[in-house]
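Engineer: Before anything else, here's the structure in question.
Every read-out reported here was derived from the displayed coordinates using simple, explicitly stated rules and does not represent laboratory data. In this text the structure is predicted, and so the values were computed from the model without any measurement. Virtual Cβ from ideal backbone geometry, glycine too; neighbours counted across all protein chains shown.
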Amino acid sequence: MLELKNVGITLKKDGRELVRDFSFTLQSGDKAVIIGEEGNGKSTLLKYLYAPELVEGYCDCAGSVITRCKLAYLPQTMDEAYGDMPLCDFFADTEYYLHTDLLAQLGLSVDFLFSRQRMGSLSGGEKVKAQLARLCMMQPDILLLDEPTNDLDIPTLRWLERFIIRSRQPVLFISHDETLIERAANVIIHMEQLSGKTKPRISVARCGYGEYLSHRRQNFAHQEQVAQKQRDDYSRQMEKWRQIYNRVDHEQRVITRQDPGGARLLKKKMHTVLSMGKRFEREKEDFLDFPQEEAAILTRFAEHIALPAGKTVLDLELDALQAHGRCLARNIRLHVSGKERVGITGLNGVGKSTLLAFLWAQLKERQDIRAVYMPQDYREVLDFEKTPMQHLVESYAKDQVTKARTYLGSMRFTQEETGGKIGSLSGGQKAKLLFLDMVLQEANVLVLDEPTRNFSPLSGPVVRRALRDFGGTIISVSHDRKYLGEVCTTVYELTENGLRSVAELP
């Protein structure tokens, strides 16, 4: 239904290959996920499959894509052209009345579809829901979804899992939500950049995510054992060969002219020894390489950062949470102590990001703590027209900039990426830059809005470990079930009646 033949994709700006000679067929029943570290070209590949003209401005492409069916594509961010469009116009060309069950599953009412509210004013999750609803109403043959989980609340995430699993159409999607990948994907397409981002590799496995990771670890361990044994055997062989060579060479040098027969025998023996050495060298060329793996790297927080467990970081009593003249929630009570890691979840549009921004306003001027903020929209704290190095040079002292340059290299930023505009970086790379800010500021209170949303599933465990080991306080909003379960010591659900403690995550 969708076939790739010898596809190659190269970035024009620096000649870096994202895809090399890749062939793949998306088959009936496939629920294929594209995974890989930040900036490896996952979104570019998906765009190219849907419409090559979407990437021709910044990529050179080779090979062919064969489609004999109707594709539907959900981009990672909503097209700006829809920002001022009322919802009623966005859904005007759909036969919504045939899809009432779908709307109910998404929690969307017909009134929502007929609203004059503009698309740009919707919450992040509402935008994703609206676009998903419109795509499904088009009844495509294949769904291409780029980060459909971004900003979705947990009930809608569960719906999306069921939707992908039960879908009659093949689905090719990118996601950072490990729970979704574990439950829904039956094909894994893993994009990697090896050898300092000079060598692309794409692995395809027709199995679940957990099985893929297990097989990958086993294969890597076996390959490493074989490669090491080959080299150990070679070292022993060469040591014996050197001993034989040295002995024959010595005998050749001391033999007298009175024994020409013995000299001829030694010369023949030396020829045999040299031939043996050349054979060993040829065999060495066929040794297995040690397995290369693209490791997920994130700068860790300093170990000395800590807050006393008894310190009150936040003691909030808010009668009403309001935005744009509308009351979102009432009677919000929240007490946060040192070393506590708080996660706040809740339905889309309930006001979680509004609440977090309000908390940040209360904390940022405090002198007894050092708080930093990671908003959902990175534009609030990053100038997308600047380069990462300009951002660091303007923000930090010279010794810190030197340290930051080292950190950027360790986090796999290339020279072109550190010197290019922040706006051209992937979401995960921007998130890494914000984490670097937090580390350099030695903050002891982190205010985080969806901190894991742009990290790959392979980076996810590393990010969660860094935050779990953080010695200060975390106040966060998240729909990431692994983050809430593994990092947060306390989880609340924000409702219109305030915060409710959550004992168990779905």
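Engineer: Note the per residue figure in Å³ for the convex hull of the C-alpha positions in the chain.
Structural biologist: 203
Engineer: Let me ask you something else. Amide H of Cys59 versus every other amide H placed in the peptide plane: which residues, excluding those fewer than 5 positions away on the same chain, fall under 5 Å?
Structural biologist: So Cys59 has HN proximity to Lys12.
Engineer: Can you list the HN-Hα couplings for region 305-312, worked out from phi with the Karplus curve (6.51, -1.76, 1.60; θ = phi - 60°), rounded to whole Hz and with x for Gly and Pro?
Structural biologist: So the J values, rounded to whole Hz, are 5, 7, 10, x, 4, x, 6, 7.
Engineer: From the P(r) of region 2-216, can you give the percent of Cα pairs sitting at distances over 30 Å?
Structural biologist: For region 2-216, the fraction of Cα-Cα distances above 30 Å is 25 percent.
Engineer: Using a simple charge model, +1 on the beta-carbon of Lys and Arg, -1 on the beta-carbon of Asp and Glu, nothing else, what dipole does region 328-470 show about its Cα centre, in debye to the nearest 20?
Structural biologist: 440
Engineer: Would you be so kind as to identify which of Tyr483, Asn219, Phe280 lies farthest towards the positive end of the dipole of the chain, taking Lys and Arg as +1 and Asp and Glu as -1 on Cβ and the Cα centre as origin?
Structural biologist: Working it through, the farthest residue towards the positive pole turns out to be Phe280.
Engineer: Per DSSP helix of 4 or more residues, -39500 (n - 2.57); summed, then divided by the residues of the chain. What does that give at 222 nm, rounded to the nearest 500?
Structural biologist: My calculation for the chain gives -12000 deg cm²/dmol from helical runs alone.
Engineer: Hey, got a sec? Which GluC sites (Glu not before Pro) in region 378-452 land in a DSSP loop and have at most 11 other Cβ atoms within 10 Å?
Structural biologist: Within region 378-452, the qualifying GluC sites (Glu not before Pro) (loop, at most 11 other Cβ atoms within 10 Å) are Glu385.
Engineer: Which Cα, out of Ile422, Pro457, Phe384, lies furthest along the positive dipole direction of region 312-501 (beta carbon charges, K/R +1, D/E -1)?
Structural biologist: Final value for the positive-end residue is Pro457.
Engineer: Could you give the nm distance between label points at Cys88 and Lys421, where each point is 7 Å from its Cα heading toward the beta carbon?
Structural biologist: 3.7
Engineer: Determine the relative contact order of region 2-216: mean sequence separation of Cα pairs under 8 Å and six or more apart, normalised by residue count, in whole percent.
Structural biologist: It comes to 28 percent, rounded to a whole number.
Engineer: Could you name the aspartates and glutamates in cross-link range of Lys364, using Cα to Cα under 16 Å and dropping any fewer than eight places away on the same chain?
Structural biologist: The reachable aspartates and glutamates, counting only those whose Cα sits under 16 Å from Lys364, are Asp315, Glu380, Asp437, Glu442, Asp449.
Engineer: With unit charges on the beta carbon (Lys/Arg positive, Asp/Glu negative), name the residue among Gly124, Met78, Leu467 whose Cα is farthest towards the positive pole of the charge dipole of the chain.
Structural biologist: So the residue furthest toward the plus end is Leu467.
Engineer: Kirkwood Rh, Cα Rg: Rg to Rh for region 225-285?
Structural biologist: Looking at region 225-285, the ratio lands at 1.15.
Engineer: Report the Stokes-Einstein translational diffusion coefficient (µm² s⁻¹, integer) for region 31-83, Rh taken as the Kirkwood radius over Cα pairs, at 37 °C with viscosity 0.692 mPa s.
Structural biologist: Answer from the Stokes-Einstein relation: 255 µm²/s.
Engineer: Out of all DSSP beta bridges with both ends in region 312-501, state the antiparallel percent to the nearest 5.
Structural biologist: Of those bridges, close to 45 percent are antiparallel.
Engineer: Still on this model: If we count every other residue with Cβ under 9 angstrom of Leu172's Cβ, Lys/Arg +1 and Asp/Glu -1, where does the sum land?
Structural biologist: Taking every other residue near Leu172 into account, the sum is 0.
Engineer: Give, as ranges by residue number, the residues of region 113-137 whose backbone N falls under 19 Å from the point 7 Å along Cα→Cβ of Arg326.
Structural biologist: It comes to 113-133, nothing else.
Engineer: I've got another one for you. Magnitude of the Cβ-charge dipole of region 2-216, K/R +1 and D/E -1, about the Cα centre, nearest 20 debye?
Structural biologist: Roughly 560 debye for region 2-216.
Engineer: Taking a temperature of 25 °C and a viscosity of 0.890 mPa s, what whole-number D in µm²/s does Stokes-Einstein yield for region 149-233 with Rh from Kirkwood over alpha carbon pairs?
Structural biologist: 160
Engineer: Which percent, nearest 5, of DSSP beta bridges in the chain are antiparallel?
Structural biologist: 50
Engineer: What percent does the relative contact order of region 225-285 come to when contacts are Cα pairs within less than 8 Å and at least six residues apart?
Structural biologist: Averaging sequence separation for qualifying contacts and normalising by length gives 44 percent for region 225-285.
Engineer: Let me ask something additional. Show me, bin by bin at 10 Å from 0, the whole-percent P(r) of region 274-409 based on Cα pairs.
Structural biologist: For region 274-409, the pair-distance distribution reads 8, 23, 26, 18, 9, 6, 6, 3, 1.
Engineer: Using a basic spin-label model with each label point 7 Å from the Cα along Cα→Cβ, how many nm lie between Asp315 and Met270?
Structural biologist: Taking the simple label geometry, Asp315 and Met270 are separated by 9.2 nm.
Engineer: Please list, in chain and number order, the residues 5+ apart from Leu2 or on another chain whose amide H is under 5 Å from its amide H, with Hs placed from the backbone.
Structural biologist: Leu26
Engineer: Now a separate question. Only Cα pairs under 8 Å and at least 6 apart count here; give the relative contact order of region 312-501 as a rounded whole percent.
Structural biologist: Result for region 312-501 is 34 percent.
Engineer: Okay, moving on. Would you work out the charge dipole size for the chain about its Cα centre, treating the Cβ of every Lys and Arg as +1 and the Cβ of every Asp and Glu as -1, and quote it to the nearest 20 debye?
Structural biologist: Taking the Cα centre of the chain as origin, the dipole is about 2340 debye.
Engineer: Related question: Compute the angle between helix 260-285 and the longest alpha-carbon principal axis of the chain, please, reported from 0 to 90 degrees and rounded to the nearest 10.
Structural biologist: 10
Engineer: Trypsin sites (Lys or Arg not before Pro), restricted to region 159-194: which are DSSP loop and have at most 13 other Cβ atoms within 10 Å?
Structural biologist: Hits after loop and neighbour filter: Arg168.
Engineer: Another question, then. Which angle from 0 to 90°, rounded to the nearest 10, does the C-alpha axis of helix 154-166 make with the longest principal axis of the chain?
Structural biologist: Tilt relative to the chain: about 60 degrees.
Engineer: Starting from the exponent 0.38 and prefactor 2.2 Å, build the expected Rg for region 312-501 from its residue count and divide its actual Cα Rg by it.
Structural biologist: 1.05
Engineer: A further question follows. Using alpha-carbon positions, what is the distance between the centroids of region 465-506 and region 38-54, in Å?
Structural biologist: 33
Engineer: Still on this structure: With axes computed from alpha carbons, what is the tilt in degrees of helix 209-254 against the longest principal axis of the chain, rounded to the nearest 10 within 0 to 90?
Structural biologist: With both axes taken from Cα atoms, the answer is about 20 degrees.
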